């Protein structure tokens, strides 16, 4: 009797309704994640005025969520490997939504820092797990491009925070904006509970064959013989090995490359998104101007992530991302010389976002295709966790900018350095080891 292979069903030419559903829900989760992640940077100028605090005093608040994200990302991989992707995603979404709402009621920086820390735990846990889940549902020939689409949602979420702030910050205040940013994922949570499926591979691995059968039947559009599916379980069951051990023994080199690049690009990304509105306001721009200019960076990232993801399915994935980092490095240097022209600055920031934020978003699908099922969730979550350390460093570095009184041109020049290091990080991995045909399943 011929066995039914899960990959053959998932890799069918046309996306099923369920696969499209996973893609859309993942995009919406990432959008809410990006909105709640980036909104603190856009409301920071209003927060400074409201509470009458210094800019360095705001650094712990801006970095608290990033600390939580690092912890949440690292611990969520083993948790999802044991309890499932869907459950981890639901709990994580509830966590960041709840504490985002509570952040709107904070009365001082200490309270807000605690709320943002808890928000970060949920934000950090949900992203690697939804990335892993969507990658397991996407066909191999379009896996990178389709897996990059939810990452566009994250960047559009951050950008939407800038647009919301530019329109409503001076009318409804920063507190109500925080509450709204928490209510949206709470509403989405109800949809996720009923519509988001569990990972088929997780179900098969844990012998939940009937549940896996129902999902595969929805994808294939016809009835599947459970006994034929059961034969796959016997031949594909993984060895009893700890995912972290698997990661360090067999995939250490690619992990170090991903960690270094993720660390450096997130350092730049969060320094830019957390502090740039405040820096631009200090330069004399209005609320509408600094919010809109800062928001074009993640907008460019969303566009870049989609384009980069498309090319990664066609040619060497590492080479595509390396090229994006190198172009971003050149663009930062260019921006440092033309920053006095508002139009040229906005255009250059848009292009820089397309390259740097786009490359950062593309690291997610790159990680999902670089690790096998046995350690995929852990590999992606560890890249996130270690990368978030760079984000924390970036948030704290932003406060030093005001102490040393760097000009906008000098700041942009400084940002080019870690961008170039991110480019060098991926060069540590041989292109021969990562040819375009290699996708680990």
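The values are calculated or read from the model by the stated rules, or taken from the named source; none is laboratory data. Fair warning: this is a prediction, and the values are worked out from it, not measured in the lab. Glycine also receives a Cβ, built like all others from the backbone with ideal geometry; neighbour counts cover every protein chain displayed.
Would you point out which residue out of 323, 346, 295 is surrounded by fewer than 24 Cβ atoms within 10 Å (Cβ to Cβ), touching a helix residue (DSSP H, G or I) at 6+ places or on another chain (Cβ under 7 Å) and over 29 Å from residue 84 (Cβ atoms)?
346
Going residue by residue through the range 63-74, is there one that turns out to be surrounded by fewer than 24 Cβ atoms within 10 Å (Cβ to Cβ), free of Cβ contacts under 8 Å to residues at least 40 places away in the same chain and assigned to a helix (DSSP H, G or I)?
no
Which residue pairs have Cβ atoms under 6 Å apart, sit 6 or more places apart or on different chains, and have a first residue in the range 140-155 that is in contact (Cβ under 8 Å) with a residue 40 or more places away in the chain and on the phi > 0 side of the Ramachandran plot and a second that is surrounded by fewer than 24 Cβ atoms within 10 Å (Cβ to Cβ) and assigned to a helix (DSSP H, G or I)?
none
Which condition number does residue 140 fail, the rest of (1) closer than 30 Å to residue 372 by Cα; (2) modelled with pLDDT under 90; (3) buried (at least 20 other Cβ atoms within 10 Å of the Cβ) being met?
Condition (3) is where residue 140 drops out.
Working only within the range 100-120, note down all residues that are under 26 Å from residue 377 (Cα atoms) and crowded, with 24+ Cβ neighbours inside 10 Å.
Listed by number, the residues that qualify are 100, 116, 119, 120.
Looking at (1) surrounded by 12 or more Cβ atoms within 10 Å (Cβ to Cβ); (2) at pLDDT below 65; (3) farther than 18 Å from residue 372 by Cα, which is the one condition that is false for residue 241?
(3)
Residues 406, 402, 420: which one is within 23 Å of residue 330 (Cβ to Cβ) and part of a helix (DSSP H, G or I)?
Answer to the check: 420.
Would you point out which residue out of 202, 193 is within 19 Å of residue 86 (Cα to Cα) and surrounded by fewer than 20 Cβ atoms within 10 Å (Cβ to Cβ)?
193
Could you list, in sequence order, the residues of the range 337-360 that are within 17 Å of residue 257 (Cβ to Cβ) and at pLDDT below 90?
360
Can you give me the number of residues within the range 304-334 that are under 23 Å from residue 165 (Cβ atoms) and modelled with pLDDT under 90?
So the count comes out to 1.
Which numbered condition in (1) surrounded by fewer than 21 Cβ atoms within 10 Å (Cβ to Cβ); (2) over 21 Å from residue 191 (Cβ atoms); (3) within 26 Å of the chain's Cα centre (by Cα) is the only one that residue 14 fails?
Only one criterion in (1) surrounded by fewer than 21 Cβ atoms within 10 Å (Cβ to Cβ); (2) over 21 Å from residue 191 (Cβ atoms); (3) within 26 Å of the chain's Cα centre (by Cα) is unmet by residue 14, namely (3).
Return the only residue of 131, 159 being within 30 Å of residue 286 (Cβ to Cβ), touching a residue at least 12 places away in the same chain (Cβ under 8 Å) and not in a loop (DSSP other than H, G, I, E, B).
159 is the lone residue from the list that is within 30 Å of residue 286 (Cβ to Cβ), touching a residue at least 12 places away in the same chain (Cβ under 8 Å) and not in a loop (DSSP other than H, G, I, E, B).
Could you go through the range 82-93 and let me know if any residue there is in a helix (DSSP H, G or I), at pLDDT below 85, under 22 Å from the mean Cα position of the chain (by Cα) and buried (at least 22 other Cβ atoms within 10 Å of the Cβ).
Within the range 82-93, not a single residue is in a helix (DSSP H, G or I), at pLDDT below 85, under 22 Å from the mean Cα position of the chain (by Cα) and buried (at least 22 other Cβ atoms within 10 Å of the Cβ).
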